[in-house]
Amino acid sequence: MDRPAVAVLFGGRSSEHSISSATASGVLRAIDRDRFRVIPIGITREGIFVLEDDDPEKFALDADRLPEVVDNGTRVVWPEGGSDRTLRVRLSNGELQEIGTVDVVLPILHGLHGEDGTVQGFLDTLSIPYAGGGVLDSALCMDKHFMKIVLEAEGVPVSPWVTITKKQWERDPEQVRAEAARLGEPTFVKPARAGSSVGVSKVHDPSELAGALSKAFAEDEKVLIESAIVGREIEVAILEGRAGASPKASLPGEIVLTTREFYDFEGKYLGGDGAQVVCPADLTDDEIASLQQLGIKAFEAVDGRGLARVDFFLAADGLYVNELNTMPGFTPISMFPKCWIASGLSYGELISELIDTALARP
């Protein structure tokens, strides 16, 4: 039987380009080659689709050299639509070569132009199956403002917040300061549409607000100011159920902060001191059940598909959902795969599960 051809799509135009590329390293190394044929497709920072080398080492994460997709002169030519599934590549000399039929796409893209429903809509238009979130849940969860509105409407507790645009800040900074003050101190300032803690700051007093907003506005013209919830940072990994079955929730993991004030980019990906990923977390059976149930409820509230990581604060007065990520950090050291490994699913099996779920969809 022919092995399904999986186009692994990575890189992209967002500020999380290097993390997506590092994820590709882990996926290319762990994907089941006995079951799947692999077509690595990179997207440069300028949005050019190139045929990449099937070489995990090329994109390995290194604190001294973050991996990236560069323009190698090739151009991936996507199928023409309809029943066509033929993938082609135009070489640097202009020659057009046929790569073969693509059966499913695994888009391991983070951030804008990848995790926000845009690529998902493109693949839907071409009628090509793909793993992970769909258009709606990807778009909702990419924008933390609308994600919070939907979760709150479905009875999922979220931290108090205000949403500020760059124009509002420039037009009436005192009004923005007043709204931020009503949230108490400290607060977190974060871009509405960015991930991997890019552009996030913790604000301890009003003198730090302008600098935090400037940092966040460098990533997005819409920014959230949130009350800082005091509690444990717990994360649960969710997988879509197949054939109408309910979603599945992993054992919870915990971000344990020692010297870092929050789980920032360096702590997540570059091995910085001051933060540990612990999975499974030290929790009671009742706490685990509550986290899993609320994680599934949040996933279903956003019409979740494929997968998501649900991030919580476990506070003295209960659980709060911080956010959902429809393509969470997926390197071998990231929380999402670690939670499933602790739950009995290996990294390679997890990749197969995502692909199989995509292929099983009607």
Of the conditions (1) open to solvent by 10 Å² or more (accessible area, probe 1.4 Å); (2) within 22 Å of Arg193 (Cα to Cα); (3) in contact with a strand residue (DSSP E or B) (Cβ under 6 Å, 6 or more places away or on another chain), the single one that His17 does not satisfy is (1)
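Could we say that Glu179 is over 18 Å from Tyr320 (Cβ atoms), in a loop (DSSP other than H, G, I, E, B), touching a residue at least 40 places away in the same chain (Cβ under 8 Å) and open to solvent by 30 Å² or more (accessible area, probe 1.4 Å) here? Before the answer, list the steps.
On the way: over 18 Å from Tyr320 (Cβ atoms): yes; in a loop (DSSP other than H, G, I, E, B): no; touching a residue at least 40 places away in the same chain (Cβ under 8 Å): yes; open to solvent by 30 Å² or more (accessible area, probe 1.4 Å): yes.
No, not satisfied.
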If we keep only residues of region 188-206 that are open to solvent by less than 30 Å² (accessible area, probe 1.4 Å) and within 14 Å of the chain's Cα centre (by Cα), then the residue modelled with the lowest pLDDT is Ser196
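Which is within 21 Å of Thr23 (Cα to Cα), outside any helix (DSSP H, G or I), at pLDDT 95 or above and open to solvent by less than 10 Å² (accessible area, probe 1.4 Å), of Val321, Val310?
Values: Val321 fails: within 21 Å of Thr23 (Cα to Cα).
Unique residue meeting the criteria: Val310.
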Over region 1-46, the set of residues modelled with pLDDT under 95, over 17 Å from the mean Cα position of the chain (by Cα) and of a type in the set (Asp, Glu) is Asp2
Checked pairs for region 278-305, first touching a residue at least 40 places away in the same chain (Cβ under 8 Å), second of a type outside the set (A, V, I, L, M, F, W, C) and assigned to a helix (DSSP H, G or I), C-beta under 8 Å and 6 or more apart or across chains, list as Cys279/Lys338; Val302/Asp137; Asp303/Asp137; Gly304/Asp137; Arg305/Asp137
Give the residue, chosen from Asp303, Asp282, that is part of a loop (DSSP other than H, G, I, E, B) and on the phi > 0 side of the Ramachandran plot. Asp303
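Taking the stated definitions as given, is Val50 touching a residue at least 40 places away in the same chain (Cβ under 8 Å) and either under 17 Å from His17 (Cβ atoms) or assigned to a strand (DSSP E or B) (or both)?
Working: touching a residue at least 40 places away in the same chain (Cβ under 8 Å): no; either under 17 Å from His17 (Cβ atoms) or assigned to a strand (DSSP E or B) (or both): yes.
It is false that Val50 is touching a residue at least 40 places away in the same chain (Cβ under 8 Å) and either under 17 Å from His17 (Cβ atoms) or assigned to a strand (DSSP E or B) (or both).
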Check Thr74, Thr118 and return the single one that is at pLDDT 95 or above, surrounded by 15 or more Cβ atoms within 10 Å (Cβ to Cβ), within 19 Å of Arg45 (Cα to Cα) and in contact with a strand residue (DSSP E or B) (Cβ under 6 Å, 6 or more places away or on another chain). Thr74
Exactly one condition in (1) within 30 Å of Leu350 (Cα to Cα); (2) among the charged types (D, E, K, R); (3) in contact with a helix residue (DSSP H, G or I) (Cβ under 9 Å, 6 or more places away or on another chain); (4) not in a loop (DSSP other than H, G, I, E, B) is not met by Lys202; state its number. (1)
Subset of region 159-176 (residues that are in a strand (DSSP E or B) and buried (at least 21 other Cβ atoms within 10 Å of the Cβ)): Ile164
Please verify whether region 88-104 includes one or more residues that are open to solvent by less than 70 Å² (accessible area, probe 1.4 Å), of a type in the set (D, E, K, R) and assigned to a loop (DSSP other than H, G, I, E, B). yes
Condition broken by Thr258, with the remaining ones in (1) among the β-branched types (Val, Ile, Thr); (2) farther than 30 Å from Asp285 by Cβ; (3) without any contact (Cβ under 8 Å) to a residue 60 or more places away in the chain satisfied: (2)
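Hey, can you tell me all the residues within region 212-228 that are in contact with a strand residue (DSSP E or B) (Cβ under 7 Å, 6 or more places away or on another chain) and either part of a helix (DSSP H, G or I) or among the aliphatic types (A, V, I, L, M) (or both)?
Taking region 212-228 as the starting set, the residues that turn out to be in contact with a strand residue (DSSP E or B) (Cβ under 7 Å, 6 or more places away or on another chain) are 212-213, 215-217, 219-228.
Hits for region 212-228 are Ala212, Leu213, Lys215, Ala216, Phe217, Val223, Leu224, Ile225, Ala228.
The values are calculated or read from the model by the stated rules, or taken from the named source; none is laboratory data. This is a predicted model, so every value here is computed, not measured. Virtual Cβ from ideal backbone geometry, glycine too; neighbours counted across all protein chains shown. The accessibility values were calculated without ligands, DNA or RNA, using every heavy atom of the protein model including side chains. Shrake-Rupley method; radii C 1.70, N 1.55, O 1.52, S 1.80 Å.
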